Amino acid sequence: MFTRKLTSQQKWMILLIFIPLYYYCGSVIVSAGMYFVLKTFSLTYDVNTLNAYLNLFADLLFIIVIVFIFKDSLKEQWHDFCKDVKGHLFYGIVIGTALLLAFNMLGGFITLLLGQTSVSENQNLINTLMQDHLFLMAFLSIICAPIIEELLFRGAVFAWLYEIHPLVAHALSSFLFGFIHIMQAVMAGNTTEWAQIFSYMLMGGVLSYLYEKKNNIFVPMLSHGMNNFISVLLIVFVK
């Protein structure tokens, strides 16, 4: 039974602090700071290198903020996780990863049916950055992204919407999770990128199912991290 609920304080902090930071302010503040340093000290830089480190600084900032917001809930859920470590690890690493791989393939098939043969712009950017900064981007993909995205889309959005109705929570949190991965391309006018949303939405649906099923945010975090780990391996070994 799913019992995770947000406090009023968490809701306001997510709404007024984290979401604006995540969607806009974080990248602008970090970019401005890095640009100031580069100009002040007359440093030269490679665009991909700057982009990779901007992502690192932004993600670390996001983690600090959202972990602070969920600190009490995380302590409680970690305590619950430790009561059944084997069961949670099995669901997070084995069951969750298998489901994500299966639904990723289904999402890719839907994308092909819609006439799209290339990967999303988001994935293309990650692939490009990973060629020059493998370990940094692997850290961001395997560690940082699962923490940030699970706490936001499952810990906050899903849990909040669950108070309205479980189906609303699954549907809307999955859509928002999918949209954030194509948002920049769509907002820039690339409407064909909408076809890429299905893989991300199905992934979001699996992760929200895991959170509801196990009532513990660390389970979808594990599955998300394992899925991204497999993606990194494919990028490295499948040229």
> In the range 6-85, what is the volume of the convex hull around the alpha carbon atoms, normalised per residue and reported in Å³?
Replying inline: 119 Å³
>> Give me the one-decimal Kirkwood hydrodynamic radius in Å for the range 174-239, with the sum taken over alpha-carbon pairs.
In response: 13.1 Å
>> Quick check on the chain: helices-only [θ] at 222 nm, where DSSP H runs of length 4 and up contribute -39,500 (n - 2.57) each and the sum goes over total residues. Nearest 500, please.
In response: -22000 deg cm²/dmol
>> Given points 7 Å out from each Cα along the Cα-Cβ axis, report the F36 to V168 separation in nanometres with one decimal.
In response: 4.2 nm
> Taking every eigenvalue of the Cα gyration tensor of the range 138-204, multiplying by 5 and rooting it, what semi-axes result, largest first, whole Å?
Replying inline: 21, 17, 9
> Anyone know which of L15, L222, L210 comes out most mobile in the 10 Å Cα GNM of the chain?
Replying inline: L15
> How long is the gain from M187 to F68 if the chain were fully straight, where each residue apart is worth 0.36 nm and the alpha carbon distance is subtracted?
Replying inline: 39.8 nm
>> Need the C-alpha centroid separation for the range 163-199 versus the range 31-104, integer Å.
In response: 20 Å
>> I need to check one value: relative contact order of the chain, counting alpha carbon pairs closer than 8 Å and at least 6 residues apart, in percent.
In response: 30 percent
>> What number do you get for the chain when its Cα radius of gyration is normalised by 2.2 N^0.38 Å, N = residues?
In response: 1.02
> Which value, in Å² and to the nearest 10, is the accessible area of Y53 when all protein chains are kept and the probe is 1.4 Å?
Replying inline: 100 Å²
>> Using C-alpha positions alone, give me the convex hull volume of the range 107-239 per residue in cubic angstrom.
In response: 109 Å³
> For I93 and S8, what does the FRET efficiency come to when R0 = 35 Å and r is the distance between their Cβ atoms, rounded to the nearest 0.05?
Replying inline: 0.50
> For the range 37-78, what is the accessible area per residue in Å², given a 1.4 Å probe and the full set of protein chains?
Replying inline: 64 Å²
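The values are calculated or read from the model by the stated rules, or taken from the named source; none is laboratory data. Keep in mind that what you see is a predicted model, and the values were worked out from it rather than measured. Cβ sites come from the backbone with ideal geometry, for glycine too, and all protein chains shown count toward neighbours. Heavy atoms of the whole protein, side chains included, go into the accessibility calculation; ligands, DNA and RNA do not. Shrake-Rupley method; radii C 1.70, N 1.55, O 1.52, S 1.80 Å.
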